[in-house]
Each structure stands twice: as C-alpha cells, then as structure tokens.
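Right, one structure below, let's go through it.
The values are calculated or read from the model by the stated rules, or taken from the named source; none is laboratory data. Values in this document were obtained by computation on a predicted structure and should not be read as measured data. All Cβ positions, glycine included, derive from the backbone under ideal geometry; neighbour counts span all protein chains shown.
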Amino acid sequence: MDEQILTQGRFAGWTFAYEGKAKRLYRSPEGDRYLVRFKDDATAFNGKKRGQIESKGIVNSRISSLLFRLLEEHGVETHLLEEVGPGQMLVRAVEIIPLEVVVRNLTTGSLSRRLGLPEGRPIDPPLVEFYYKSDALDDPLVYPEHAGLLGAAREEEVVRLRELALQVNGVLQAFFQQLRIVLVDFKLEFGRADGRILLADELSPDTCRFWEAGTGRKLDKDRFRQDLGQVEEAYQEMLRRVEAGATGRVASSAGMGGGGR
Ligand code: TMP
C-alpha cells in the first residue's frame, strides 16, 4: 500500500523520502521537488495522543495551498509549486530550518500554561517564539540566541524568520478577519533554497488556532486535543470559509453551515 517508489502516472519514479506525523513525502528523481501527501492521522502532545480525523488530509492540503497562494500574492515566498489533486501538494525541495516559529495574537495553549496567563488576552504587539524541532527533547522553547548554539540557524536568519513570521501574521490576520475568524496563534516552518528563506510545511487547522468571532467557538485541532467533539465539522467549516475568502465569496460564508448541533 505505502509504496517506496511510485509507479503510476505523473509521479512514476518518485521515491518515498520521509514520513512525519501528518504527511508523507516523495522525492523527485532530480531531488529538486517533493510530492507531499497529507494524512488523516492526528496526533497531539508529541504523539502521545493519536487518532484520525476524516478527510483532514484533503482539507489541510487545500487550506495550506490557498493560504500559501495568498501569501505569495503578498510577497511571502513559499515552497508551494502546485496543488496536485485532493490531499497532495507539489513543493520545492528546501533545507528545513529546525525551528518552529510560533506567532501569538491572544494568550492560550502552552503560553497560558507556562506563565499562568488567563486565556484569550490580546497580545499586542504579537509575540514571536522559537521552538527547537526535536522529538527527543519535546520541541523545547528556545531563545533566539540558542539557535546559533544548536546550529539551527544563523543570527541574521533568526532576524529574518521573525520578520517573515510577523509579515505572515499581518496578511493572515486581515484575511481571517473578513471571514469572521480570530487568528489566535499559529506555527510556521521555514526552509533554505538558493540562499533564500521560504515558508514551508503547512498552514492549516492542525497548525493554527482559529476562534469564531463573537462566539469564540474553536475551529481547529484543539477540538481533537481537548476532546471537544465535532472535529471533522470544524475542519470542514474552516475549509468552507477559506475557500470563500480566497474566491471572494465572503458574504455567503458568514453562516455556520450545519449550525451548532
Ligand atoms: P502551543 O500553545 O501548544 O505552544 O501552540 C502554539 C501554536 O502552534 C498553535 O497554533 C498550535 C501550533 N502547534 C503546532 O503546529 N505543532 C505543535 O507541535 C505544537 C505544540 C503547536
């Protein structure tokens, strides 16, 4: 089932390269591109909680592609080359920088837990945090200065990552505001290619926190993390809204399709 070498169609000859918690990657024969296949598998707490979210792969691939395109239109370079059918994305090969860059507009999650801050307090200006990508160490929070010590990124790269993260935040905040969604926080990963830094990985309800404006209803992976129910519905709702926003049909997306059952 899980082929080591793809044998059919356009990607025949591409070889399996890597499997993460949410995606499988296949490398092009030239090594310059990857086919990313998004999985329905869901994990939380560094893989300690596991499950499946029906159609998540398709939803996350589509949302990521639309948001990457939006960012490209606003001058943020991403690894996206092409959306290639449900749940799949063609991307440029990059050298992933082993830092997770988190931007926070409202207090919640690990920030609230670590510092004892009440949930939902605005953070202005937004906070940018760096986590070292290491499953063995549980992705620890690090100072920007630690990035050099770890060999993760050079000082000037860290400055650039911060700048890019805030630029992404500005574009996404404006986009989601018109969809009546509060962009609470999100996680970015970046990669190096040809001396430039590109936005990589994904942008989806797995990697962002989305709260419905007015109601505060959570429309992201926290529904899975916290066993809140209606997980699939939340992902579908976000897909509906992002598609509406990306195609200029914002007004019709205001309803809560499906209601609060
Ligand atoms: P946190 O509050 O748990 O640190 O999460 C901050 C943001 O980063 C939130 O939008 C979820 C996202 N995130 C990931 O994408 N992957 C992760 O492994 C973690 C811990 C958080």
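Reported count of residues in segment 133-170, each being away from the ligand (no atom under 12 Å from the Cβ) and over 19 Å from Val76 (Cα atoms), is 16. Evaluate the following for Arg37: is it in a helix (DSSP H, G or I) and touching a residue at least 24 places away in the same chain (Cβ under 8 Å)? Taking the combined requirement at face value, the residue does not satisfy it. Within segment 223-253, the set of residues being at pLDDT below 95 and loosely packed, with under 12 Cβ neighbours inside 10 Å comprises Thr247, Gly248, Ala251, Ser252.
Every residue, every condition in (1) among the polar types (S, T, N, Q); (2) at pLDDT 95 or above; (3) more than 16 Å from Pro205 (Cα to Cα); (4) outside any loop (DSSP other than H, G, I, E, B), yes or no:
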{"position": "Gly31", "(1), (2), (3), (4)": "no, yes, yes, no"}
{"position": "Ala42", "(1), (2), (3), (4)": "no, yes, no, yes"}
{"position": "Gly51", "(1), (2), (3), (4)": "no, yes, no, yes"}
{"position": "Ile58", "(1), (2), (3), (4)": "no, yes, no, yes"}
{"position": "Arg62", "(1), (2), (3), (4)": "no, yes, no, yes"}
{"position": "Ser65", "(1), (2), (3), (4)": "yes, yes, no, yes"}
{"position": "Gly75", "(1), (2), (3), (4)": "no, yes, yes, no"}
{"position": "Pro86", "(1), (2), (3), (4)": "no, yes, yes, no"}
{"position": "Met89", "(1), (2), (3), (4)": "no, yes, yes, yes"}
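Filtered by the rule that a residue be out of contact with any Ser or Thr (no Cβ under 6 Å at 6 or more places or on another chain) and either on the phi > 0 side of the Ramachandran plot or in contact (Cβ under 8 Å) with a residue 40 or more places away in the chain (or both), segment 2-27 gives Gly9, Arg10, Gly13, Ala22, Lys23. Contact map, segment 97-121: residues that are within 18 Å of Asp206 (Cα to Cα) and modelled with pLDDT of 95 or more paired with residues that are more than 9 Å from the ligand (Cβ to nearest atom) and hydroxyl-bearing (Ser, Thr, Tyr), Cβ distance under 7 Å, separation 6+ or inter-chain. Pairs shown: Leu99/Tyr132.
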